[in-house]
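Here's the structure we're looking at; comments come further down.
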Amino acid sequence: MRYAIDGSVNLKIRERFDVVIIGSGLAGLYCALNVDPTLRVCILAKEEIETSNSYLAQGGIAAAVAEGDTPLFHVEDTLVAGSGLCDRRAVEVLCDEGPRDIAKLVSMHVPFDLDEDGELSITLEGGHHRNRILHAGGDATGRETVKTLAHIVSERANITLREHTCFYDVTLDGSGAVNGAIVAKRGEFELIETANVVVATGGIGQVYRSSTNPSVATGDGIAAAIRAGAVVENMEFVQFHPTGLWTEETVGRNFLISEAVRGEGGLLKNKAGERFMLNAHELSELAPRDIVARAIFRELERSGEPCAFIDITAKPAEFLAHRFPTISAECAKRGIDISRDPIPVRPVQHYFMGGIKTDLDAKTNVAGLYACGEAASSGVHGANRLASNSMLECLVFGRRAAEDINARRASAVSETAPELPLRGNASEDLAAVRLNVQNIMSEYGYVIRRADGLRYALGEIQRIRAELEGVFSPSQGYLEALNVATIAEEILRGAIARTASVGAHYIEV
Ligand SMILES: Cc1cc2nc3c(=O)[nH]c(=O)nc-3n(C[C@H](O)[C@H](O)[C@H](O)COP(=O)(O)OP(=O)(O)OC[C@H]3O[C@@H](n4cnc5c(N)ncnc54)[C@H](O)[C@@H]3O)c2cc1C
């Protein structure tokens with residue numbers, strides 16, 4: 001399928017921008033701020049600017065800026081987390097250039113937390129062997145960073161932010177290069193002419209029933225890139241965060257209990273109060289995420305309990321209130337006082353290591369199509385992401401995309417909107433279709449996978465996708481159901497092809 005829309009859509013050509021950035025998370029905003037101010041930039045956000053993974057990021061941003069740390073140590077920890085599947089050159093770029101982008105954020109007045117001496121407060125997280133994590137607002141690093149960058153964006157004359165505008169597809173000219181972006185706002189479809197489209201659409205959490213990602217995380221940019229012929233890779237590598245806050249509800253966004261809670265001494269316990277990570281890994285609670293997620297998963301299978309617990313009650317109440325204000329408040333809403341009660345947790349979908357294959361300049365194989373942030377597979381995460389490397393990836397590769405665009409100076413060749421055939425009307429309940437995909441993926445493509453289950457799931461998802469491709473509805477619900485099915489199919493294909501367990505992909509025979 002080439003386009004999500006069909007011939008019934010009245011596609012108006014209204015505007016032209018030098019660069020269209022899909023996504024107003026950290027990758028999109030930082031990319032926009034690095035584009036040459038003489039170029040006209042349009043940033044699209046599916047909802048309002050606050051609805052993104054970036055805004056929700058708690059723990060912080062990793063970079064080798066502390067005394068005694070070096071980019072090389074950061075490279076080593078990243079390669080270990082990636083289980084041998086990282087692209088070393090991409091990791092070196094990330095770790096070498098990251099400290100400069102952090103310095104730029106400091107100069108932009110991102111309010112990073114400081115220690116008693118007025119120096120940057122730098123903490124530890126799982127998988128890091130050095131203190132390397134900068135944070136802001138205690139545990140509101142994403143919110144503070146996005147707010148600061150969004151404010152600067154709002155003052156830039158060359159940048160237009162369009163909220164509540166949904167990206168569907170890129171259009172290509174006769175030579176196969178990008179020449180436009182199809183978008184919709186309140187049911188009105190439009191073709192924006194541009195030679196540069198940057199996909200910064202974030203994660204794919206909505207492919208699963210339980211995720212820390214918001215509703216917008218339906219993998220739209222990745223699915224559109226696939227339709228345009230871009231190469232995707234590492235799609236089987238889905239990170240399940242070991243410690244989503246457990247609640248009775250099974251569908252919707254799960255609140256995250258950040259790794260930093262374990263970094264500050266939180267202990268994982270079962271209902272009987274026993275620690276079960278001591279025998280699971282040398283770093284016990286601070287082991288890589290996939291190991292902790294599987295240990296909890298197995299502990300829950302063994303005990304039949306719905307959740308495990310993080311116990312941080314050894315820390316003083318004042319420290320917890322100051323260090324984890326967001327987590328304290330969110331738990332308090334559910335009657336949990338984290339200074340006295342263990343926090344109920346279980347693994348949930350959290351991060352996507354795979355995505356659109358990009359080079360060191362965030363370029364895809366389609367001329368004029370860039371990808372950065374969580375939607376991209378830049379090579380830095382391999383089979384598993386090291387905690388807090390993703391925000392750094394947004395910065396380093398968002399900037400690199402901008403630098404390439406600045407140097408390329410391409411402009412779109414005007415062409416008429418594509419002629420498309422008509423398809424039948426989508427008559428099914430699209431929310432139910434999406435839930436069906438989520439249920440299949442949560443059963444068969446989750447923390448622990450089995451070959452026969454993956455094959456069964458692939459058959460089901462292919463059937464759902466084929467049905468969706470045969471019809472059309474101008475609703476966002478249709479696009480999202482189609483995209484979620486597209487991403488699910490690629491995850492299952494990747495998981496079936498990778499017959500041995502590695503990193504976040506764990507297959508049981
Ligand atoms: C709860 C939580 C905590 C996290 N904590 C950390 C942490 O401490 N450290 C860390 O490094 N990482 C953390 N992460 C991961 C990190 O936040 C993300 O990987 C990163 O912020 C992704 O940024 P992004 O810019 O690529 O995408 P996002 O921030 O998710 O932004 C995606 C943007 O794309 C837009 N979009 C999507 N589809 C469309 C469409 N069709 N049309 C128009 N716009 C569209 C969305 O509206 C949004 O603006 C956390 C993630 C979560 C969910």
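Things to note:
- Test set (1) closer than 30 Å to T243 by Cβ; (2) surrounded by fewer than 20 Cβ atoms within 10 Å (Cβ to Cβ) - A177 fails condition number: (1)
- You will find that of V41, V20, V35, the residue that is crowded, with 24+ Cβ neighbours inside 10 Å, closer than 18 Å to A375 by Cα and in contact with a strand residue (DSSP E or B) (Cβ under 7 Å, 6 or more places away or on another chain) is V20 and no other.
- Any hit, region 21-36, residues being under 24 Å from the mean Cα position of the chain (by Cα) and among the charged types (D, E, K, R): no
- Boolean, R399 is closer than 23 Å to L56 by Cβ, among the basic types (K, R) and away from the ligand (no atom under 15 Å from the Cβ): no
- Scanning region 300-312 for residues that are more than 27 Å from the chain's Cα centre (by Cα) and either in contact (Cβ under 8 Å) with a residue 40 or more places away in the chain or buried (at least 17 other Cβ atoms within 10 Å of the Cβ) (or both) yields D311, I312.
- Filter result for Y3 (closer than 23 Å to S377 by Cβ and either surrounded by fewer than 18 Cβ atoms within 10 Å (Cβ to Cβ) or modelled with pLDDT of 95 or more (or both)): no
- Matching strands (runs of 3 or more DSSP E) fully within region 135-205 where at least 2 residues are touching a helix residue (DSSP H, G or I) at 6+ places or on another chain (Cβ under 7 Å): 159-162, 166-172, 196-199
- Complete set of residues in region 219-231 that are on the phi < 0 side of the Ramachandran plot and crowded, with 24+ Cβ neighbours inside 10 Å: D220, G221, I222, A223, A224, A225
- Checking each residue in region 44-58 for being in contact with a Lys or Arg (Cβ under 8 Å, 6 or more places away or on another chain), crowded, with 22+ Cβ neighbours inside 10 Å and assigned to a helix (DSSP H, G or I) picks out no residue at all.
- Screening G202 against (1) surrounded by 23 or more Cβ atoms within 10 Å (Cβ to Cβ); (2) at negative phi leaves a single unmet condition, (2).
- Of all residues in region 70-122, those being surrounded by 16 or more Cβ atoms within 10 Å (Cβ to Cβ) and more than 18 Å from T145 (Cα to Cα) number 22.
- So I61, is it touching a Phe, Trp or Tyr at 6+ places or on another chain (Cβ under 6 Å) and crowded, with 24+ Cβ neighbours inside 10 Å: no
- Within region 65-94, tally of residues that are in a loop (DSSP other than H, G, I, E, B) and under 23 Å from A402 (Cβ atoms): 2
- Scope region 210-261; condition within 8 Å of the ligand (Cβ to nearest atom), assigned by TED's automatic domain parsing to the domain that holds V170 and more than 15 Å from the chain's Cα centre (by Cα); matching residues: A224
The values are calculated or read from the model by the stated rules, or taken from the named source; none is laboratory data. The structure presented is a predicted model; accordingly, all values stated were derived computationally and were not measured. Positions of Cβ are generated from backbone atoms using ideal geometry, with glycine treated the same way; all protein chains shown enter the neighbour counts.
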